[in-house]
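Structure, as structure tokens:
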Amino acid sequence: MTDHDTGRQSHAPRVFVACDLPESVQALFRERFAAACNDKGRTLTPPELLAGAQGMDVLVLTATDRLDAELAGRLPASVKVVCTYSIGMEHLDVGVLKARGIAVLATPDVLNESCADVALLLMLGAARRVVESAALVRGGEWKGWTPRQLLGVDFWGRRLGILGMGRIGRAIAKRARGFDMEIHYHNRSRLAAEFELGATYHADLADLAAHSDFLCVACPSNADTKGLVNAGVIARLPANSVICNISRGDIIDDEALVAALKSGAVAAAGLDVYTGEPNIHPAYRELPNVFGLPHIGSSTESTRLAMGRLLCDGIEAFFEGKEPVNRVA
Ligand code: DGY
């Protein structure tokens, strides 16, 4: 319903939260809007998603809800805003949404610090052989300290290469400076000095790799970045290097990384994201030099609440005729 004098909605926006959000975040949507939430505890099928979106002003999805061109084209005409409870956008056909005049909101910025924490956790855990170490303790097979036991590679003082020096990349760099690391990065274009903060720019990714004792993938997944970290790039890494990925699995060529981890060309990998999640490359479950986490980059209570608040604020702003700060299309 629209108020003809102001052009604004005269009712609380009707919101369909199609993804299975934490209860505290569902409560935010219910407090602020006429919200219906996914109560199935799983990802909805396309017919379920379309049925739930009928008559709704807003549809809330997350990274595991694929809204391809076909499905985006079939969204009910009532839908004016699609929100994604994620920073990643690769699951949405933004072109079709834009063409249909549907606004897109996401959750930038609020998860930078939590994701950067996990990047450090991954790099430290991989470098210091946490998988093998923890298994020794938990398996009851530890025979006591020896000078030869579980020698890893140092993290502090080494060269960190960041692929994608956006807001998360810069939050990683900030932490790494505390470990006396030398920061290198590759982006499509060089950052202004105020963002670079002394980091060395490499226009060529293979050149970045050659200067990276630790290579951390923090760029978004899109047509330009898929498979970017391939055998050629991996071959340029120095001996005893460590690869980390907190962005999306498809940026790394799995076969190339697995071969390098098996041969020892790469010492270890710390991975939070994978191609085909949750059906990951089997070697990532088996190799002792892979420290794998189940896509927990932004998984803290407070970050997940902040992501929800940001979407709610954006929806409210949109229907008040203002520009939401988190509008991405
Ligand atoms: C994000 O926000 O994109 C996280 O990776 C969850 O998908």
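Every number in this text was worked out from the coordinates using simple rules, so none of it is lab data. Please read all numbers here as calculations on a predicted model, not as lab measurements. Cβ sites come from the backbone with ideal geometry, for glycine too, and all protein chains shown count toward neighbours.
Points worth noting:
- Pairs of Lys residues in the chain that lie 8 or more places apart, or on two chains, and have C-alpha atoms under 26 angstrom apart add up to 6.
- Alpha carbon centroid spacing (whole Å) that separates segment 242-267 from segment 117-174: 15
- Kirkwood-based Rg to Rh ratio, segment 55-212, C-alpha trace: 1.13
- Each Lys or Arg adds one and each Asp or Glu takes one away; over the other residues whose Cβ falls under 14 Å from the Cβ of residue 269, this sums to -3.
- Only Lys, Arg (+1) and Asp, Glu (-1) charged, at Cβ; segment 112-292 dipole about Cα centre in debye: 340
- Ranking 146, 219, 302 by Cα position along the charge dipole of the chain, where only Lys, Arg, Asp and Glu carry charges on their C-beta atoms, puts 146 farthest toward the positive end.
- Normalised convex hull volume, the chain, alpha-carbon set, Å³ per residue: 151
- Segment 131-187: trypsin sites (Lys or Arg not before Pro) in DSSP coil with no more than 15 other Cβ atoms inside 10 Å: 143, 148
- Total charge dipole magnitude, segment 236-329, about the Cα centre, Cβ charges on Lys, Arg, Asp, Glu only, Debye to nearest 20: 200
- Fraction of beta bridges assigned by DSSP in the chain that are antiparallel (%, nearest 5): 5
- Translational diffusion coefficient (Stokes-Einstein; Kirkwood radius from C-alpha pairs) of segment 220-329 at 37 °C, 0.692 mPa s, in µm²/s: 204
- Result for the chain in a Gaussian network model with C-alpha springs under 10 Å: among 144, 152, 161, the largest mean-square fluctuation is at 144.
- Qualifying chymotrypsin sites (Phe, Trp or Tyr not before Pro) for segment 109-201 [loop in DSSP, other Cβ within 10 Å: at most 14]: 142, 145, 156
- For segment 93-187, GluC sites (Glu not before Pro) meeting the loop criterion (DSSP other than H, G, I, E, B) and having at most 15 other Cβ atoms within 10 Å: 141.
- Dipole magnitude of the chain about its Cα centre (Cβ charges: Lys, Arg +1; Asp, Glu -1), debye to nearest 20: 420
- Ranking 238, 251, 156 by Cα position along the charge dipole of segment 136-255, where only Lys, Arg, Asp and Glu carry charges on their C-beta atoms, puts 156 farthest toward the positive end.
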